[in-house]
Amino acid sequence: MKKNALFLLLTAALLAGCNNDDKTVAAAPPTDPAQVAPAPELLSQLKLADVSTQPVAETLRVAGRIDFDEQRLARIGATITGRVTEVDALLGQEVKKGEVLARLNSSELSTQQLAYLRARSQLELNRRNAERAKSLFEADVIGAAELQRRESEYQISVAETRAASDQLQLLGVTPAAIERLGKQGAVNSLTPVVSTLNGFVVERKLAQGQVVQPADALFVVADLSRLWAVAQVPDQQVNQVKVGQSVNIEVPALGNEKLWGKLIYVGQTINPETRTVLVRTELDNRDGRLKPAMLASMLIEARAVERLVVPASAVVRENDEDHVFVGEGDGVFRLLKVKLGPEQGGQRVVLSGLKGEEKVVVDGAFHLNNERNRKEMEGS
(Lines give C-alpha, C1' and ligand atoms only; values in the text may rest on other atoms or scores of the structure.)
Protein backbone atom coordinates (compact mmCIF):
# COMPACT_ATOMS: atom_id res chain seq x y z
CA MET A 1 0.00 0.00 0.00
CA LYS A 2 2.79 2.38 0.94
CA LYS A 3 4.61 1.63 -2.33
CA ASN A 4 1.45 2.35 -4.34
CA ALA A 5 0.86 5.63 -2.52
CA LEU A 6 4.46 6.72 -3.12
CA PHE A 7 4.15 5.84 -6.83
CA LEU A 8 1.00 7.92 -7.15
CA LEU A 9 2.65 10.92 -5.47
CA LEU A 10 5.69 10.77 -7.80
CA THR A 11 3.45 10.49 -10.87
CA ALA A 12 1.40 13.50 -9.80
CA ALA A 13 4.56 15.51 -9.19
CA LEU A 14 5.93 14.65 -12.65
CA LEU A 15 2.65 15.59 -14.33
CA ALA A 16 2.55 18.88 -12.46
CA GLY A 17 6.11 19.59 -13.59
CA CYS A 18 5.28 18.86 -17.20
CA ASN A 19 2.27 21.19 -17.07
CA ASN A 20 4.43 23.99 -15.67
CA ASP A 21 6.99 23.47 -18.47
CA ASP A 22 4.23 23.67 -21.09
CA LYS A 23 2.95 26.92 -19.63
CA THR A 24 6.47 28.36 -19.68
CA VAL A 25 6.92 27.50 -23.38
CA ALA A 26 3.49 28.87 -24.30
CA ALA A 27 4.18 32.13 -22.50
CA ALA A 28 7.37 32.86 -24.54
CA PRO A 29 6.74 35.86 -26.85
CA PRO A 30 6.82 35.11 -30.59
CA THR A 31 9.74 36.52 -32.71
CA ASP A 32 8.84 39.60 -34.90
CA PRO A 33 10.01 38.73 -38.46
CA ALA A 34 10.35 42.42 -39.34
CA GLN A 35 12.89 43.00 -36.54
CA VAL A 36 16.53 42.12 -36.57
CA ALA A 37 19.37 42.60 -34.06
CA PRO A 38 22.58 42.06 -36.07
CA ALA A 39 25.77 40.68 -34.65
CA PRO A 40 28.36 43.25 -33.51
CA GLU A 41 30.53 42.70 -36.61
CA LEU A 42 27.64 43.57 -38.97
CA LEU A 43 26.37 46.34 -36.70
CA SER A 44 29.71 48.12 -36.94
CA GLN A 45 29.42 48.18 -40.75
CA LEU A 46 25.99 49.80 -40.87
CA LYS A 47 25.55 53.50 -41.54
CA LEU A 48 22.41 55.40 -40.52
CA ALA A 49 21.10 58.78 -41.63
CA ASP A 50 18.05 60.94 -40.91
CA VAL A 51 15.21 60.97 -43.42
CA SER A 52 15.62 64.42 -44.99
CA THR A 53 13.84 66.82 -47.31
CA GLN A 54 15.25 68.41 -50.42
CA PRO A 55 13.95 70.27 -53.49
CA VAL A 56 12.77 67.75 -56.07
CA ALA A 57 11.80 68.67 -59.61
CA GLU A 58 8.97 66.37 -60.55
CA THR A 59 8.62 65.19 -64.11
CA LEU A 60 5.20 65.32 -65.76
CA ARG A 61 4.62 62.72 -68.46
CA VAL A 62 1.83 63.61 -70.90
CA ALA A 63 0.80 62.01 -74.17
CA GLY A 64 1.35 64.07 -77.30
CA ARG A 65 2.19 63.97 -81.00
CA ILE A 66 4.44 65.50 -83.63
CA ASP A 67 2.69 68.23 -85.61
CA PHE A 68 3.34 70.80 -88.34
CA ASP A 69 4.85 74.14 -87.43
CA GLU A 70 1.93 76.38 -88.38
CA GLN A 71 4.35 79.21 -89.15
CA ARG A 72 5.97 77.02 -91.81
CA LEU A 73 2.75 75.86 -93.47
CA ALA A 74 1.04 77.34 -96.54
CA ARG A 75 -2.47 76.62 -97.77
CA ILE A 76 -2.39 77.49 -101.46
CA GLY A 77 -5.49 78.10 -103.53
CA ALA A 78 -6.62 79.60 -106.80
CA THR A 79 -6.81 83.36 -107.13
CA ILE A 80 -9.60 83.12 -109.69
CA THR A 81 -12.47 80.88 -110.73
CA GLY A 82 -11.34 78.43 -113.40
CA ARG A 83 -11.04 74.88 -114.62
CA VAL A 84 -7.95 72.79 -113.81
CA THR A 85 -6.14 71.98 -117.04
CA GLU A 86 -2.85 70.69 -115.61
CA VAL A 87 -1.63 69.30 -112.28
CA ASP A 88 2.16 69.37 -111.94
CA ALA A 89 2.78 68.65 -108.24
CA LEU A 90 2.32 65.22 -106.65
CA LEU A 91 1.57 64.42 -103.02
CA GLY A 92 4.85 64.26 -101.08
CA GLN A 93 6.82 66.09 -103.78
CA GLU A 94 9.42 68.63 -102.70
CA VAL A 95 8.78 72.05 -104.26
CA LYS A 96 10.45 75.45 -104.29
CA LYS A 97 8.93 78.86 -103.70
CA GLY A 98 7.44 80.12 -106.97
CA GLU A 99 7.26 76.65 -108.55
CA VAL A 100 4.10 75.95 -110.57
CA LEU A 101 1.86 73.38 -108.89
CA ALA A 102 -1.08 73.48 -111.34
CA ARG A 103 -2.62 75.55 -114.14
CA LEU A 104 -6.16 76.84 -114.60
CA ASN A 105 -8.11 78.05 -117.61
CA SER A 106 -10.25 81.03 -116.64
CA SER A 107 -12.69 83.04 -118.75
CA GLU A 108 -12.74 85.59 -115.92
CA LEU A 109 -9.03 86.17 -116.45
CA SER A 110 -9.56 86.70 -120.19
CA THR A 111 -12.32 89.22 -119.48
CA GLN A 112 -10.13 91.13 -117.05
CA GLN A 113 -7.20 91.18 -119.46
CA LEU A 114 -9.45 92.66 -122.17
CA ALA A 115 -10.65 95.28 -119.69
CA TYR A 116 -7.05 96.20 -118.97
CA LEU A 117 -6.21 96.47 -122.69
CA ARG A 118 -9.25 98.73 -123.30
CA ALA A 119 -8.31 100.93 -120.36
CA ARG A 120 -4.72 101.16 -121.59
CA SER A 121 -5.86 102.02 -125.12
CA GLN A 122 -8.20 104.73 -123.83
CA LEU A 123 -5.37 106.05 -121.67
CA GLU A 124 -3.14 106.47 -124.69
CA LEU A 125 -5.94 108.19 -126.67
CA ASN A 126 -6.75 110.61 -123.83
CA ARG A 127 -3.04 111.34 -123.30
CA ARG A 128 -2.74 112.44 -126.92
CA ASN A 129 -5.95 114.46 -126.73
CA ALA A 130 -4.70 116.22 -123.61
CA GLU A 131 -1.36 117.09 -125.27
CA ARG A 132 -3.14 118.37 -128.41
CA ALA A 133 -5.55 120.43 -126.30
CA LYS A 134 -2.63 122.02 -124.50
CA SER A 135 -1.07 123.04 -127.82
CA LEU A 136 -4.40 124.46 -129.05
CA PHE A 137 -4.86 126.37 -125.81
CA GLU A 138 -1.39 127.92 -126.13
CA ALA A 139 -2.33 128.91 -129.71
CA ASP A 140 -5.49 130.52 -128.32
CA VAL A 141 -7.67 128.16 -130.39
CA ILE A 142 -9.61 126.64 -127.48
CA GLY A 143 -10.52 127.99 -124.10
CA ALA A 144 -9.36 126.93 -120.65
CA ALA A 145 -12.55 124.96 -119.98
CA GLU A 146 -11.91 122.66 -122.94
CA LEU A 147 -8.30 122.11 -121.84
CA GLN A 148 -9.43 121.19 -118.33
CA ARG A 149 -11.98 118.73 -119.75
CA ARG A 150 -9.34 116.95 -121.85
CA GLU A 151 -6.88 116.81 -118.93
CA SER A 152 -9.61 115.49 -116.63
CA GLU A 153 -10.41 112.71 -119.12
CA TYR A 154 -6.73 111.79 -119.17
CA GLN A 155 -6.49 111.60 -115.33
CA ILE A 156 -9.60 109.42 -115.25
CA SER A 157 -7.99 107.06 -117.78
CA VAL A 158 -4.83 106.87 -115.64
CA ALA A 159 -6.93 105.82 -112.62
CA GLU A 160 -8.96 103.29 -114.65
CA THR A 161 -5.80 101.69 -116.08
CA ARG A 162 -4.23 101.45 -112.62
CA ALA A 163 -7.41 99.87 -111.26
CA ALA A 164 -7.47 97.32 -114.10
CA SER A 165 -3.82 96.50 -113.44
CA ASP A 166 -4.49 96.07 -109.71
CA GLN A 167 -7.38 93.73 -110.50
CA LEU A 168 -5.11 91.57 -112.62
CA GLN A 169 -2.57 91.38 -109.79
CA LEU A 170 -5.34 90.25 -107.43
CA LEU A 171 -5.99 87.44 -109.91
CA GLY A 172 -2.36 86.36 -109.63
CA VAL A 173 -0.88 88.09 -112.68
CA THR A 174 2.58 89.49 -112.01
CA PRO A 175 3.49 93.13 -112.86
CA ALA A 176 5.96 91.86 -115.48
CA ALA A 177 3.21 89.79 -117.14
CA ILE A 178 0.88 92.80 -117.10
CA GLU A 179 3.55 94.91 -118.79
CA ARG A 180 4.01 92.25 -121.49
CA LEU A 181 0.25 92.13 -121.97
CA GLY A 182 0.16 95.88 -122.55
CA LYS A 183 2.98 95.79 -125.07
CA GLN A 184 2.00 92.60 -126.95
CA GLY A 185 -1.78 92.70 -126.52
CA ALA A 186 -1.96 88.90 -126.38
CA VAL A 187 -4.70 87.62 -124.05
CA ASN A 188 -3.84 84.43 -122.14
CA SER A 189 -6.59 82.67 -120.20
CA LEU A 190 -4.20 80.24 -118.45
CA THR A 191 -3.10 81.10 -114.93
CA PRO A 192 -0.63 79.18 -112.71
CA VAL A 193 -1.07 78.09 -109.10
CA VAL A 194 2.37 78.55 -107.51
CA SER A 195 3.98 77.52 -104.23
CA THR A 196 4.56 80.32 -101.74
CA LEU A 197 7.38 78.59 -99.81
CA ASN A 198 9.99 75.85 -100.00
CA GLY A 199 8.71 72.55 -98.64
CA PHE A 200 6.78 69.37 -99.35
CA VAL A 201 3.28 68.93 -100.73
CA VAL A 202 1.45 67.34 -97.78
CA GLU A 203 -2.10 67.76 -99.14
CA ARG A 204 -3.51 67.91 -102.69
CA LYS A 205 -7.20 68.60 -103.18
CA LEU A 206 -7.78 68.93 -106.92
CA ALA A 207 -8.02 66.88 -110.09
CA GLN A 208 -7.74 67.68 -113.77
CA GLY A 209 -10.97 69.11 -115.15
CA GLN A 210 -12.22 70.26 -111.76
CA VAL A 211 -13.72 73.77 -111.48
CA VAL A 212 -12.22 75.62 -108.52
CA GLN A 213 -13.07 78.82 -106.69
CA PRO A 214 -10.76 81.38 -105.03
CA ALA A 215 -11.83 80.15 -101.57
CA ASP A 216 -10.71 76.56 -102.29
CA ALA A 217 -7.45 75.33 -100.72
CA LEU A 218 -5.90 73.23 -103.50
CA PHE A 219 -2.51 72.41 -101.97
CA VAL A 220 -0.91 72.44 -98.53
CA VAL A 221 2.86 72.89 -98.59
CA ALA A 222 4.88 72.47 -95.39
CA ASP A 223 8.47 73.20 -94.48
CA LEU A 224 9.35 70.08 -92.45
CA SER A 225 12.80 71.23 -91.33
CA ARG A 226 11.25 72.27 -88.02
CA LEU A 227 8.21 70.68 -86.39
CA TRP A 228 6.19 71.02 -83.21
CA ALA A 229 5.66 68.50 -80.44
CA VAL A 230 2.27 69.23 -78.86
CA ALA A 231 0.59 67.76 -75.79
CA GLN A 232 -2.37 68.35 -73.48
CA VAL A 233 -1.54 68.97 -69.79
CA PRO A 234 -4.33 68.29 -67.25
CA ASP A 235 -5.63 71.49 -65.70
CA GLN A 236 -4.66 70.27 -62.19
CA GLN A 237 -1.00 70.31 -63.23
CA VAL A 238 -0.90 73.34 -65.51
CA ASN A 239 0.43 75.57 -62.70
CA GLN A 240 3.60 73.46 -62.77
CA VAL A 241 4.51 74.34 -66.37
CA LYS A 242 5.60 77.57 -67.99
CA VAL A 243 7.28 78.80 -71.16
CA GLY A 244 11.00 78.06 -71.17
CA GLN A 245 10.89 74.85 -69.15
CA SER A 246 13.05 71.95 -70.32
CA VAL A 247 11.25 69.12 -72.09
CA ASN A 248 12.25 65.62 -73.18
CA ILE A 249 10.22 64.05 -75.98
CA GLU A 250 10.09 60.29 -76.45
CA VAL A 251 8.97 59.09 -79.88
CA PRO A 252 8.10 55.36 -80.02
CA ALA A 253 8.70 55.27 -83.77
CA LEU A 254 12.32 56.25 -83.09
CA GLY A 255 12.81 53.58 -80.43
CA ASN A 256 11.82 56.02 -77.64
CA GLU A 257 14.91 58.08 -78.39
CA LYS A 258 14.80 61.19 -76.23
CA LEU A 259 14.75 64.55 -78.00
CA TRP A 260 15.41 67.72 -76.03
CA GLY A 261 13.59 71.03 -76.27
CA LYS A 262 11.97 73.88 -74.36
CA LEU A 263 8.33 74.84 -74.04
CA ILE A 264 7.57 77.68 -76.45
CA TYR A 265 3.85 77.92 -75.73
CA VAL A 266 1.47 77.24 -72.84
CA GLY A 267 -2.20 77.80 -73.67
CA GLN A 268 -4.21 80.43 -71.87
CA THR A 269 -7.52 78.58 -72.08
CA ILE A 270 -8.74 75.17 -70.91
CA ASN A 271 -10.43 72.73 -73.26
CA PRO A 272 -13.83 72.27 -71.58
CA GLU A 273 -14.23 68.74 -72.96
CA THR A 274 -10.84 67.31 -71.93
CA ARG A 275 -10.01 69.70 -69.06
CA THR A 276 -6.52 70.14 -70.52
CA VAL A 277 -4.26 72.96 -71.67
CA LEU A 278 -2.28 72.84 -74.92
CA VAL A 279 1.52 73.08 -74.68
CA ARG A 280 4.10 72.79 -77.42
CA THR A 281 7.80 72.81 -78.13
CA GLU A 282 9.81 73.19 -81.32
CA LEU A 283 12.07 70.46 -82.71
CA ASP A 284 14.80 70.54 -85.33
CA ASN A 285 14.04 68.08 -88.15
CA ARG A 286 16.62 68.83 -90.80
CA ASP A 287 17.45 65.11 -90.98
CA GLY A 288 13.78 64.36 -91.78
CA ARG A 289 13.37 61.55 -89.23
CA LEU A 290 10.30 63.06 -87.58
CA LYS A 291 6.96 62.85 -89.35
CA PRO A 292 3.82 64.83 -88.50
CA ALA A 293 1.20 62.76 -86.60
CA MET A 294 3.84 60.52 -84.97
CA LEU A 295 2.89 59.64 -81.39
CA ALA A 296 5.12 61.09 -78.67
CA SER A 297 5.38 61.37 -74.90
CA MET A 298 6.37 64.72 -73.45
CA LEU A 299 8.34 64.71 -70.20
CA ILE A 300 8.17 68.16 -68.65
CA GLU A 301 10.50 68.99 -65.80
CA ALA A 302 8.23 70.83 -63.38
CA ARG A 303 9.35 73.35 -60.76
CA ALA A 304 11.13 71.96 -57.67
CA VAL A 305 9.21 71.41 -54.41
CA GLU A 306 10.43 70.21 -50.98
CA ARG A 307 9.88 66.45 -50.57
CA LEU A 308 10.95 63.68 -48.18
CA VAL A 309 13.70 61.59 -49.78
CA VAL A 310 15.81 58.55 -48.93
CA PRO A 311 19.02 57.44 -50.67
CA ALA A 312 18.53 54.71 -53.24
CA SER A 313 21.12 52.66 -51.32
CA ALA A 314 18.71 52.48 -48.36
CA VAL A 315 16.03 50.63 -50.33
CA VAL A 316 15.68 46.85 -50.27
CA ARG A 317 13.18 44.86 -52.32
CA GLU A 318 11.10 42.30 -50.47
CA ASN A 319 8.13 40.53 -52.09
CA ASP A 320 8.33 42.97 -55.04
CA GLU A 321 7.82 45.95 -52.70
CA ASP A 322 10.15 48.69 -51.47
CA HIS A 323 11.35 48.61 -47.85
CA VAL A 324 13.83 50.44 -45.65
CA PHE A 325 15.38 49.52 -42.30
CA VAL A 326 14.51 51.94 -39.48
CA GLY A 327 16.61 52.08 -36.32
CA GLU A 328 14.65 51.36 -33.11
CA GLY A 329 17.54 51.74 -30.64
CA ASP A 330 19.77 49.27 -28.75
CA GLY A 331 21.03 47.80 -32.02
CA VAL A 332 17.57 46.73 -33.19
CA PHE A 333 16.22 47.54 -36.66
CA ARG A 334 12.78 47.15 -38.24
CA LEU A 335 12.04 46.44 -41.90
CA LEU A 336 9.40 49.00 -42.93
CA LYS A 337 7.36 48.94 -46.15
CA VAL A 338 7.35 52.27 -48.03
CA LYS A 339 6.07 53.70 -51.31
CA LEU A 340 8.71 55.56 -53.26
CA GLY A 341 8.94 57.52 -56.49
CA PRO A 342 11.47 56.80 -59.26
CA GLU A 343 15.16 57.44 -58.61
CA GLN A 344 16.44 60.92 -59.37
CA GLY A 345 20.07 61.77 -58.71
CA GLY A 346 20.59 58.86 -56.32
CA GLN A 347 17.52 59.79 -54.24
CA ARG A 348 13.98 58.46 -54.15
CA VAL A 349 10.97 60.54 -53.14
CA VAL A 350 8.95 59.13 -50.23
CA LEU A 351 5.29 58.86 -51.18
CA SER A 352 4.15 57.10 -47.98
CA GLY A 353 5.47 55.02 -45.08
CA LEU A 354 7.83 57.52 -43.44
CA LYS A 355 7.14 60.68 -41.45
CA GLY A 356 10.58 62.29 -41.65
CA GLU A 357 11.51 61.65 -38.01
CA GLU A 358 13.18 58.25 -38.57
CA LYS A 359 16.78 57.15 -38.99
CA VAL A 360 17.24 54.67 -41.81
CA VAL A 361 20.10 52.38 -42.76
CA VAL A 362 21.73 53.94 -45.81
CA ASP A 363 24.76 51.64 -46.05
CA GLY A 364 24.60 47.89 -45.44
CA ALA A 365 20.83 47.49 -45.80
CA PHE A 366 21.23 44.57 -48.19
CA HIS A 367 23.42 42.60 -45.76
CA LEU A 368 21.11 43.48 -42.88
CA ASN A 369 18.14 42.06 -44.78
CA ASN A 370 20.09 38.87 -45.50
CA GLU A 371 20.74 38.53 -41.77
CA ARG A 372 17.04 39.07 -41.03
CA ASN A 373 16.04 36.41 -43.55
CA ARG A 374 18.59 33.97 -42.15
CA LYS A 375 17.34 34.36 -38.61
CA GLU A 376 13.73 34.08 -39.77
CA MET A 377 14.51 30.79 -41.50
CA GLU A 378 16.31 29.51 -38.41
CA GLY A 379 13.34 30.51 -36.27
CA SER A 380 15.50 32.71 -34.03
Q. Out of the range 201-254, which residues are part of a strand (DSSP E or B) and either out of contact with any strand residue (DSSP E or B) (no Cβ under 9 Å at 6 or more places or on another chain) or under 24 Å from ARG103 (Cβ atoms) (or both)?
A. VAL201, VAL202, GLU203, ARG204, VAL211, VAL212, ALA217, LEU218, PHE219, VAL220, VAL221, ALA222
Q: Return a yes/no flag: does the range 204-214 have any residue that is within 30 Å of the chain's Cα centre (by Cα), within 30 Å of ALA293 (Cβ to Cβ) and in contact (Cβ under 8 Å) with a residue 24 or more places away in the chain.
A: yes
Q) Which residue, of GLU357, GLU321, GLU306, is farther than 27 Å from GLN245 by Cβ, at pLDDT below 90, surrounded by fewer than 17 Cβ atoms within 10 Å (Cβ to Cβ) and under 43 Å from the mean Cα position of the chain (by Cα)? A) GLU357
Q) Got a sec? Which of VAL141, VAL194 is crowded, with 17+ Cβ neighbours inside 10 Å and either within 26 Å of GLY77 (Cβ to Cβ) or not small (Gly, Ala, Ser) (or both)? A) VAL194
Q.
Restricting to the range 30-83, count the residues that are closer than 30 Å to ARG334 by Cα, acidic (Asp, Glu) and crowded, with 16+ Cβ neighbours inside 10 Å.
A. 1
Q) Would it be correct to say that LEU290 is touching a residue at least 24 places away in the same chain (Cβ under 8 Å), touching a helix residue (DSSP H, G or I) at 6+ places or on another chain (Cβ under 9 Å), surrounded by fewer than 17 Cβ atoms within 10 Å (Cβ to Cβ) and among the hydrophobic types (A, V, I, L, M, F, W, C)? A) no
Q. Inside the range 155-185, can you point out the residues that are hydrophobic (A, V, I, L, M, F, W, C) and closer than 26 Å to ASN129 by Cα?
A. ILE156, VAL158, ALA159, ALA163, ALA164, ILE178, LEU181
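Do we have any residue at all in the range 273-287 that's touching a residue at least 12 places away in the same chain (Cβ under 8 Å), on the phi > 0 side of the Ramachandran plot and in a loop (DSSP other than H, G, I, E, B)?
Taking every residue of the range 273-287 in turn, at least one turns out to be touching a residue at least 12 places away in the same chain (Cβ under 8 Å), on the phi > 0 side of the Ramachandran plot and in a loop (DSSP other than H, G, I, E, B).
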Q. For VAL332, are the conditions met, namely being surrounded by fewer than 18 Cβ atoms within 10 Å (Cβ to Cβ), over 30 Å from LEU91 (Cα atoms) and in contact with a Pro (Cβ under 8 Å, 6 or more places away or on another chain)?
A. no
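Being outside the structural domain of PRO292 (by TED's automatic domain parsing) and either modelled with pLDDT under 90 or within 24 Å of PRO214 (Cβ to Cβ) (or both): is that true of ALA139 here?
Working: outside the structural domain of PRO292 (by TED's automatic domain parsing): yes; either modelled with pLDDT under 90 or within 24 Å of PRO214 (Cβ to Cβ) (or both): yes.
Yes.
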Q) Of all residues in the range 215-251 being over 24 Å from LEU197 (Cβ atoms) and acidic (Asp, Glu), which is nearest to the chain's Cα centre (by Cα)? A) GLU250
Q.
As an exercise: evaluate THR85 against (1) over 30 Å from ALA207 (Cα atoms); (2) of a type in the set (Val, Ile, Thr); (3) at pLDDT 90 or above and give the number of the one condition it does not meet.
A. (1)
Q: Select from the range 332-352 the residues that are modelled with pLDDT under 90 and in a loop (DSSP other than H, G, I, E, B) and write down the one among them that is nearest to the chain's Cα centre (by Cα).
A: GLY345
Q) So which of LEU171, LEU206 ends up being under 21 Å from GLU86 (Cβ atoms) and in the same structural domain as GLN113 (by TED's automatic domain parsing)? A) LEU171
Q | Unique residue being out of contact with any strand residue (DSSP E or B) (no Cβ under 6 Å at 6 or more places or on another chain) and either surrounded by fewer than 19 Cβ atoms within 10 Å (Cβ to Cβ) or among the β-branched types (Val, Ile, Thr) (or both) when the list is GLY364, GLY327, GLY346 | A | GLY346
Q. Among all residue pairs at least 6 apart or on different chains, which show Cβ distances below 7 Å where the first residue, located in the range 160-178, is more than 16 Å from SER106 (Cα to Cα) and the second is assigned to a helix (DSSP H, G or I) and of a type in the set (Val, Ile, Thr)?
A. SER165/ILE178
Q: List the number of the failed condition for SER189; all other conditions in (1) more than 26 Å from ARG103 (Cα to Cα); (2) polar (S, T, N, Q); (3) in contact (Cβ under 8 Å) with a residue 60 or more places away in the chain hold.
A: (1)
**Q.** Residues within the range 68-121 that are under 29 Å from the mean Cα position of the chain (by Cα), in a strand (DSSP E or B) and of a type in the set (A, V, I, L, M, F, W, C), tallied
**A.** 5
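The values are calculated or read from the model by the stated rules, or taken from the named source; none is laboratory data. This one's a predicted model, so the numbers in the text were calculated from it and none came from an experiment. Positions of Cβ are generated from backbone atoms using ideal geometry, with glycine treated the same way; all protein chains shown enter the neighbour counts.
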